[in-house]
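Report on the following structure.
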Amino acid sequence: MPQEIQKISLNKAYLNQNNILSEHPNSNGLGWLCGDYFYYVFSENVIADYYWLIEPDVAFTFDNLSDFFAKFQTATQDAVLYNFAKAPESWAWTARAKVIHNDVYQAFFPLSRLSFRAISACKSERQKITDYFHKNNLNLSQYPNDESLVVTAVLKHKLSVEPLNKFWPDSFKYFSYRNAILGDNGKNILPVNQVIHPFRQPEYLGGLLSQVISPIPLTESMLDFIHRSTLGKEDIDRILKSIQKQAFKDITKALERRCNSLIP
């Protein structure tokens, strides 16, 4: 980050000082599981009535991004959340979140807006359930995530909630948890005034595909042919490109079919 950009540290020391769970068995970490943590440290360092949390895989196709946020300037709701609703019993987080309140709600969390008092309510519930888990030596894998805790806590404290998509009803056609938009070329073919999630760079899909196809087993005959060949280092790239054309034909065709598709 550039030196002139103000930075706030969300670290284990802060979580321990505030009696919030600081360790979890999930390898992706609490930053993925509990995005609401960022609200707590942010609101302690920056005084405001309302705060936005925008995850790094959110993007916009607005010509002027200020147009998106302008619609919320006079909004007084304590929480503006995407697709909040009563959580079905079949949802994986419903049973876990009943430690907060018996009436569990859910909301999609990549883009959200909370008031200072909503953040305070959520933090209070985080502290309560952290204490409850520690005192009862409960399995930390059952610790509620942000999508279950935030809206459940806000409604438990009788604060107001408004759907994010109510302010921009036609701007969330490409906002989901599974249909990725890859890179600026993918983003630029979308309509204007859209909020996008997840937005990834093309290398992200390349990394996922490489996990499936790598490592490629080298047979004895392949190794024998390589060992009997004389080549210069500058030839390796030409060889690999030739392999790619032949071995990845199906992947290439599938990617080409998907190019320029506007299916949300």
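For the structure I just gave you, tell me whether S43 is assigned to a helix (DSSP H, G or I) and at pLDDT 95 or above. Answer is yes for this residue.
Annotation: V192 fulfils all but one of (1) loosely packed, with under 11 Cβ neighbours inside 10 Å; (2) free of Cβ contacts under 8 Å to residues at least 40 places away in the same chain; the unmet one is (2).
Reported count of residues in segment 119-145, each being more than 18 Å from G31 (Cα to Cα) and open to solvent by 60 Å² or more (accessible area, probe 1.4 Å), is 9. Candidates D170, D184: the one that is of a type in the set (D, E), out of contact with any helix residue (DSSP H, G or I) (no Cβ under 9 Å at 6 or more places or on another chain) and without any contact (Cβ under 8 Å) to a residue 12 or more places away in the chain is D184. In segment 111-118 there is no residue that is open to solvent by 40 Å² or more (accessible area, probe 1.4 Å), assigned to a strand (DSSP E or B) and either in contact (Cβ under 8 Å) with a residue 12 or more places away in the chain or closer than 30 Å to G183 by Cβ (or both).
Name the single residue that is farthest from A97 (Cα to Cα) among those in segment 46-56 being part of a strand (DSSP E or B) and of a type outside the set (F, W, Y). Result: I54.
Of all residues in segment 58-72, those satisfying the criterion of being closer than 22 Å to G186 by Cα and surrounded by 15 or more Cβ atoms within 10 Å (Cβ to Cβ) are V58, A59, F60, T61, F62, F68. Once segment 219-253 is narrowed to residues that are exposed (fewer than 10 other Cβ atoms within 10 Å of the Cβ) and assigned to a loop (DSSP other than H, G, I, E, B), the residue that is nearest to the chain's Cα centre (by Cα) is T219. The set of residues in segment 1-49 that are open to solvent by less than 80 Å² (accessible area, probe 1.4 Å), within 26 Å of V195 (Cα to Cα) and of a type in the set (F, W, Y) comprises Y37, Y39, Y40, F42.
Filtering segment 94-101 for residues that are modelled with pLDDT under 95 and surrounded by 12 or more Cβ atoms within 10 Å (Cβ to Cβ) leaves an empty set. Of the residues making up segment 50-79, those that are among the β-branched types (V, I, T), under 15 Å from F199 (Cα atoms) and in contact (Cβ under 8 Å) with a residue 60 or more places away in the chain are V58, T61. Here S148 clears all of (1) open to solvent by 60 Å² or more (accessible area, probe 1.4 Å); (2) more than 24 Å from V46 (Cβ to Cβ) except the condition numbered (1).
Residue-wise test of (1) closer than 23 Å to N139 by Cβ; (2) in contact with a strand residue (DSSP E or B) (Cβ under 6 Å, 6 or more places away or on another chain).
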residue	(1), (2)
L15	yes, no
N26	yes, no
V46	no, no
T76	no, no
V80	no, yes
W93	yes, no
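The residues listed here are N83, N64; of these, the one that is at pLDDT below 95 and out of contact with any Asp or Glu (no Cβ under 9 Å at 6 or more places or on another chain) is N83.
Has segment 9-20 got any residue that is farther than 25 Å from S148 by Cβ, part of a loop (DSSP other than H, G, I, E, B) and at pLDDT below 95? Yes: one or more hits.
The values are calculated or read from the model by the stated rules, or taken from the named source; none is laboratory data. Treat the numbers as computed from the prediction; the structure is a model and nothing was measured. Every residue, glycine as well, gets a Cβ built from its backbone with ideal geometry; the counts of neighbours run over all protein chains shown. Ligands, DNA and RNA are stripped out before the accessible areas are found, and what is left, the full protein with its side chains, is counted by its heavy atoms. Shrake-Rupley method; radii C 1.70, N 1.55, O 1.52, S 1.80 Å.
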